[in-house]
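Working notes for the structure below.
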Amino acid sequence: MSRGDGNAIRDLVIVGGGTAGWMMAAAAGRVLAGGLRSITLIESDAIGTIGVGEATIPPILGFNELLGIDERAFLEATQGTFKLGIEFENWGRQGTRYFHPFGRTGRDFDGIAFHQLWSWLRDAEGVGSLEEYSMSAVAARNGKFAHPQSDPRSPLSNLQYAYHFDATRYAAFLRSYAIERGVARQEGRIVDVELDGETGHVLAVKLEDSTRVTGDLFIDCSGFRSMLLGEAMGVPFTDWSHWLPCDRAVAVPSAAKEQIAPYTRSRALTAGWQWRIPLQHRTGNGHVYASAYMEDAEAERLLLANLDSEPADDPRPLRFRTGVREKLWERNVVALGLSGGFLEPLESTSIHLIQTGISKLLALFPDRDFTDVERDEYNRLMTSSYAAVRDFIVAHYHVTQRDDTPFWNYVRTMEIPDSLETRLELFRRKGRIFRYDDELFTVGSWAAILEGQGMKPLGSDPLCAALDADGLAQAMRRMKQAHHAMAARLPLHRDAIGGG
């Protein structure tokens, strides 16, 4: 956009800091700074944040690459660790566990998805479990880590990873990054939002000390309050709690372990689940639960009883409601993070949805005309992104054999979204999985979850019948052996962190 473009967005205002606000500020400082634009972020030191461990998924590497962030400096600043996937305990049944790995699992053959081939041969001698065909899963189970390799002959070419980090330190890291690139931080608490009587656009926000901050485009990162999109714009909230009844969490840090697991753990409890996120300096823990099925005191007791190490602080409660605003962009306001919607962090998608919102906003960045086609396309893409993640999370609850508590009986028997019902029925019949549009989770991810939760297809893909079963089983055994041999040679996760 040239300096002579009089219709350009000149003033970008980000309302709220935290992870969402500073991610937007950092991206804006990298991509949008200069020319006639100013970028201002408003936050109040009086509004505290809960510094929990944050888990991510592989697309965050693309965000860091966009910003030009050095991985070693990033890990040091955030006390971060590597993440190869998520281990799930007690989800399909009590006493079971499975792994949802990052990266590719196996290799497709003659157009047939690998999970179909594995399902067809699952009872053959030496074939083993599905996760043994994932380099990420095998490395994680052995406490090992290495960066991917580009050589397709190496098992490491199939590995992908993400990060765990301290959320408060991450926001501080991005804050320094953004300010170095021209983003102005305005301290203060917003007490009023000024709207244009004719267009309904936000003209300015007024701070407690009477400072008035004007802007052309406002990014709402004000948290669950949704000060601009929800309160000022009046965009309704679509509640998904009938599918995702967990509405509370309690979080507590604990002492770091000597050996740091390169994965997140999710352990299903009686009315929800408990996370464990290993960082360099501590372990992040939390219990997500449904208040309709469990009292707060019992939730805290269960959390503390299931810690792997001594608590390092007092537990902190959180309350939330799952769902999304009907629109994420209304007039000249775009919501990111909690102000636009919330899905419980079962698959570590919170930061990814922020990142998705930022990337799509940059791809559809408006001028001061704010055309409908840009807003409509953004809202279509973001609504679809939230719904796809919703279905994936609901599947964890619904595809279970657990009937030991009222909570699990409810989620196992509840009506589910039609989009998910169709997907599950396709898998139930012949193991078929399709990835629609640009949705986040791959065929391999869906296979890991559905098989891991105990959903065994009634039949196999008919195309498998034309294959050489013995030859294919032999090739699969070699692949499995190669993964285990490679894992044995990899460094321990803690050593890999130290080596950057």
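Coordinate-derived values only; no laboratory data. Computed from a prediction, not measured in an experiment: that's the story for all the values here. Ideal geometry is used to build each Cβ from the backbone, glycine not excepted, and the neighbour counts take in all protein chains shown.
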(request) Could you tally the net charge around Ala162, taking each other residue with its Cβ under 14 Å from the Cβ of Ala162, Lys/Arg +1 and Asp/Glu -1? (result) -3
(request) Enumerate the calculated ³J(HN,Hα) couplings along the range 70-86 in order (Karplus 6.51 cos²θ - 1.76 cosθ + 1.60, θ = phi - 60°), each rounded to whole Hz, writing x wherever the residue is Gly or Pro. (result) 6, 4, 5, 5, 4, 5, 5, 5, 9, 6, x, 9, 8, 9, 9, x, 10
(request) Determine which residues of the range 232-255 fall in the zone a paramagnetic label at Glu298 would reach in this model, i.e. backbone nitrogen under 17 Å from the point 7 Å along Cα→Cβ. (result) 245-250
(request) Between Asp151 and Asp495, take the C-beta separation as r, use R0 = 22 Å, and let me know the FRET efficiency to the nearest 0.05. (result) 0.45
(request) Give the range of the longest stretch in the chain that excludes all chymotrypsin sites (Phe, Trp or Tyr not before Pro) found in loop regions by DSSP and having at most 13 other beta-carbon atoms within 10 Å. (result) 1-433
(request) State, to one decimal in nm, how far the label point of Tyr436 lies from the label point of Thr405, with both points 7 Å from Cα in the Cβ direction. (result) 3.1 nm
(request) Among Gly323, Met455, Met486, pick out the residue whose Cα is farthest towards the positive end of the charge dipole of the chain, where Lys and Arg carry +1 and Asp and Glu carry -1 on C-beta, about the Cα centre. (result) Met486
(message) Taking the square root of 5 times each eigenvalue of the Cα gyration tensor, what semi-axes in Å does the equivalent ellipsoid of the chain have, largest first?
(response) 40, 25, 24
(request) Using 0.36 nm per residue of separation minus the Cα-Cα distance, give me the extension gain between Gln94 and Ala184 in nm, one decimal. (result) 27.2 nm
(request) At 7 Å along the Cα-to-beta-carbon direction for both Glu421 and Ala466, put a label point, then send me their distance in nm to one decimal. (result) 3.4 nm
(request) Counting only GluC sites (Glu not before Pro) that are in a DSSP loop and have at most 14 other C-beta atoms within 10 Å, tell me the longest site-free stretch of the chain. (result) 1-124
(request) Sum up the lysine pairs in the chain that clear both bars: alpha-carbon distance under 24 Å and a spacing of 8 or more or different chains. (result) 8
(request) Could you give the size of the charge dipole of the chain about its Cα centre, using +1 on the Cβ of each K and R and -1 on the Cβ of each D and E, expressed in debye and rounded to the nearest 20? (result) 1260 debye
(request) For Arg122 and Gln474, calculate 0.36 nm times their separation in residues minus their Cα-Cα distance, and state this gained length in nm to one decimal. (result) 125.5 nm
(request) Mark the label point 7 Å from the Cα of Ser210 along Cα→Cβ and return the residues of the range 5-46 whose backbone N is within less than 15 Å of it. (result) none
(message) Could you give the length gained by full extension between Asp110 and Glu76, i.e. 0.36 nm per residue of separation minus their alpha carbon distance, to one decimal place?
(response) 7.8 nm
(request) Starting from the Cα gyration tensor of the range 63-157, take the square roots of the eigenvalues, sort them a ≥ b ≥ c, and report rounded, prolate or oblate (rounded when a/c is under 1.5, otherwise prolate if a/b is larger than b/c, else oblate). (result) oblate
(request) Report, in degrees rounded to the nearest 10, the 0 to 90 angle that the Cα long axis of helix 350-363 makes with the longest principal axis of the chain. (result) 60 degrees
(request) Mind giving me the nanometre distance, one decimal, between the label points for Leu318 and Asp369, set 7 Å out from Cα along Cα→Cβ? (result) 4.1 nm
